[in-house]
1. Of all the residues that make up region 304-316, how many are within 15 Å of the ligand (Cβ to nearest atom) and either modelled with pLDDT under 95 or out of contact with any helix residue (DSSP H, G or I) (no Cβ under 8 Å at 6 or more places or on another chain) (or both)?
2. What's the total number of residues in region 71-91 that are away from the ligand (no atom under 16 Å from the Cβ) and under 18 Å from residue 117 (Cβ atoms)?
3. Tell me which residues, restricted to region 411-432, are within 14 Å of residue 163 (Cα to Cα) and either crowded, with 18+ Cβ neighbours inside 10 Å or modelled with pLDDT of 95 or more (or both).
4. Give me the pairs: first residue in region 16-35 and closer than 14 Å to residue 90 by Cα and away from the ligand (no atom under 12 Å from the Cβ), second residue in a helix (DSSP H, G or I) and modelled with pLDDT under 95, beta-carbon distance under 6 Å, and six or more apart or on different chains, which are they?
5. Name the one entry in 101, 107 that is in contact (Cβ under 8 Å) with a residue 12 or more places away in the chain and on the phi > 0 side of the Ramachandran plot.
6. Going by the conditions given, is residue 340 touching a residue at least 12 places away in the same chain (Cβ under 8 Å) and away from the ligand (no atom under 16 Å from the Cβ)?
7. Any chance you could count how many residues in region 128-174 are farther than 18 Å from residue 449 by Cα, without any contact (Cβ under 8 Å) to a residue 60 or more places away in the chain and either assigned to a helix (DSSP H, G or I) or in contact with a strand residue (DSSP E or B) (Cβ under 7 Å, 6 or more places away or on another chain) (or both)?
8. From the list 95, 44, pick out the single residue that is over 23 Å from residue 213 (Cβ atoms) and either at pLDDT 95 or above or surrounded by 21 or more Cβ atoms within 10 Å (Cβ to Cβ) (or both).
Ligand code: ARG
């Protein structure tokens, strides 16, 4: 039993099956850099507090640095029997520097250690995600500025509703990704407290300096309660939730990329290098990237539900169930980063079929609301105007015409208040540009949104 770091009280060595089942080293090895950084800060603090002597701290630190280099160069052997990354590193430290390695774990437990490592890992990856979101927002803003005169149909129920600027459409997604960005920022601030020093659950009998280690590791301050420190995984849940919401946004815009690039819509052409062909149908260009991004949202949700379920009803403080926190988080980090990167580049490179969009913008009686508003301006109550326009649309449909194709006399069968100026109101450009109120689709309003977005990004 001597080979296990905790083997003292055991009379049987761990069953092979139990050992395999218990081991997290195959995935938590990702934490090695944070584990070593945390250990170095911890020994420096122990020396500063005279809990160990300077020379011991130096030997431990040198050993840890050597281990880091070994892992980076692929010279480190990861073994199931070492259980997790924390044990594997400490065991190797024993091999390298002998019994003094045993002093590293003074005033510390794996429970506060893993909570610290995991927060450091997530903090770093969230910064990467925020950078990806920033790039995506920038691409959306640039495209919106460049394509400010392109019109398209706006939909409700996926039925033509009212014409909008393409930029108004794109800037809707800017708002969603901005909220995602702020959500990540918000929980990152909340999670930036250091659990190191909470010990196994109750704190420690040694005179440690938690402010020192917190600061050395880039945290704003130490956590406040030892039981909470080792049992809290709210930060992981907040991350998985924010990632799910962001994935949901990506899935919605991806779905539209799939629909809008179909032959029936043909509003846009996705870049060839982000599409694939069919092994049997030579004409095909399949939008695999937006489809996959849409699909991967399922994993993000699954990971979130998985950890919520793991934590439900867990008593304080640490329980081994909590080792199940890492894989969902690792997977959501990689999934979200790759989805964001791919989407950003694809969106930047896609081509708009501006003529097709403009034509569709005028179809489906998209200016019917403008005709109703026209009647209201002439003094008719809106509900009556709605009815008059409904009848006009039914008539135009029966004649296979659009509103703009109707003759003056045809209009006037439905209301005598309609006059020659009606033709200005049923055209797409006028419809779009008259929605000038803040947040509307008029060019002036969209340019204002773009300006505010650019200010946000600088
Ligand atoms: N591998 C463990 C985890 O990820 C580390 C903490 C182990 N603590 C313990 N008391 N067994 O949760």
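1. Going through region 304-316 one residue at a time, the tally reaches 1.
2. Here is the first cut: in region 71-91, the residues away from the ligand (no atom under 16 Å from the Cβ) are 71-77.
Applying the additional criterion that residues be under 18 Å from residue 117 (Cβ atoms) yields 71-72, 76.
Total satisfying the criteria: 3.
3. Taking region 411-432 first, the residues within 14 Å of residue 163 (Cα to Cα) are 425-432.
If the condition is that a residue be within 14 Å of residue 163 (Cα to Cα) and either crowded, with 18+ Cβ neighbours inside 10 Å or modelled with pLDDT of 95 or more (or both), then 425, 426, 428, 431, 432 are the ones that fit.
4. That search, which allows pairs on different chains as well, returns nothing.
5. Working: 101 fails: on the phi > 0 side of the Ramachandran plot.
On inspection, the qualifying residue turns out to be 107.
6. Details: touching a residue at least 12 places away in the same chain (Cβ under 8 Å): yes; away from the ligand (no atom under 16 Å from the Cβ): yes.
Against the criterion (touching a residue at least 12 places away in the same chain (Cβ under 8 Å) and away from the ligand (no atom under 16 Å from the Cβ)), residue 340 qualifies.
7. Of the residues in that region, 3 qualify.
8. Numbers: 44 fails: over 23 Å from residue 213 (Cβ atoms).
Just a single option satisfies the conditions, and that option is 95.
The values are calculated or read from the model by the stated rules, or taken from the named source; none is laboratory data. None of the values given here were measured: they were computed from a predicted structure. Note that each Cβ is placed from the backbone with ideal geometry, even for glycine, and that neighbours are counted across all protein chains shown.
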